[in-house]
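The next block holds one structure in the form of structure tokens; read it before the comments.
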Amino acid sequence: MKEKIVEIICHRLESNMDKLRKAFLSSNLNLNISTRCLVIDELLPKHLALDIFNKFPKMDQMRLISSFREEKYTFKQLNMIPGLLEDITFAIQSPKVISLIEKITGLADQRPDPSLYAGGLSLMAKNNFLNPHIDNSHDGDRKYYRTLNLLYYATPDWKSEYGGNLELWDNKVQNAQIVPSLFNRLVIMETNLNSWHSVNPVVFDGNRCCVSNYYFSELSPEAEDYFHVTTFSARPNQKIRRIFSKVDALARNTARILFKNGVGKRDVFTPK
């Protein structure tokens, strides 16, 4: 099934290549947001997208991440659940798909992340959220720069008013552009030193499901060397949390510089 999904995605991208490229390259014009972003709706046939949702693991099978920074459920051990979820995840990492994404974005030398470092499946239930942040600049081994986030949303009939939507912020994290997490939608967003983004709180009694992939490159998005851990801020009305987030980010970044491989067990995909 993986190769069939690759074929479907490639056809979807190739048939609209010029339009998609123009949309991505112009996506942040006239906005005070430095993050370019592309939305591709109806990525897969509806029956296949529904099957992906129906095979998502339940919350009690997933890892709950809960802190002042974020609250969500994640899952990486795809070989422990129906194979379709592994197929869609790694189809987006196919060399054929990557090559087309490179042409659309103009970003060369893109590499997938088979370890699913920070990727994999995620689920957000009512009151779950992800505060404004800049993603970790590198992969788990600090060899490559993170360059693109690819987010495939899988919950049928999800509406923007339910929350759980991607938000792209300006450099001061004061104003956001909302990208609804609608069913069967692929969002491609670049990551760099100013790519502040978040997920607004879910306010609906349902589960917003997402398949996440990240691309990396030896080439710095900023044409200069840099490193930082995932750096959180807070919403404009959360003044105290913003101050606390700055202290937290400084401490975590310092710890990662001192301990290059991080501390604790790394949560990654381990094939059979």
Of residues in the range 166-190 being over 23 Å from K55 (Cα atoms), touching a residue at least 60 places away in the same chain (Cβ under 8 Å) and not aliphatic (A, V, I, L, M), the one surrounded by the most Cβ atoms within 10 Å (Cβ to Cβ): W169
Test for L121: is it touching a Cys at 6+ places or on another chain (Cβ under 9 Å) and surrounded by 22 or more Cβ atoms within 10 Å (Cβ to Cβ): yes
Unique match (being more than 18 Å from V39 (Cβ to Cβ), part of a loop (DSSP other than H, G, I, E, B), at pLDDT 95 or above and of a type in the set (F, W, Y)) among F204, F227, F216: F204
Matching residues, the range 11-41, being out of contact with any strand residue (DSSP E or B) (no Cβ under 8 Å at 6 or more places or on another chain) and of a type in the set (D, E): E14, D18
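To keep it simple, each residue is scored yes or no on (1) of a type in the set (S, T, Y); (2) in contact with a Lys or Arg (Cβ under 7 Å, 6 or more places away or on another chain).
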{"site": "E14", "(1), (2)": "no, no"}
{"site": "K19", "(1), (2)": "no, no"}
{"site": "S27", "(1), (2)": "yes, yes"}
{"site": "K46", "(1), (2)": "no, no"}
{"site": "K55", "(1), (2)": "no, no"}
{"site": "I65", "(1), (2)": "no, yes"}
A49 being small (G, A, S), under 19 Å from the mean Cα position of the chain (by Cα) and part of a helix (DSSP H, G or I): yes
Looking only at the range 65-98, and only at residues there that are among the small types (G, A, S) and in a helix (DSSP H, G or I), the one that is nearest to the chain's Cα centre (by Cα): A91
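The values are calculated or read from the model by the stated rules, or taken from the named source; none is laboratory data. Treat the numbers as computed from the prediction; the structure is a model and nothing was measured. All Cβ positions, even for glycine, are placed from backbone atoms using ideal geometry, and neighbour counts span all protein chains on display.
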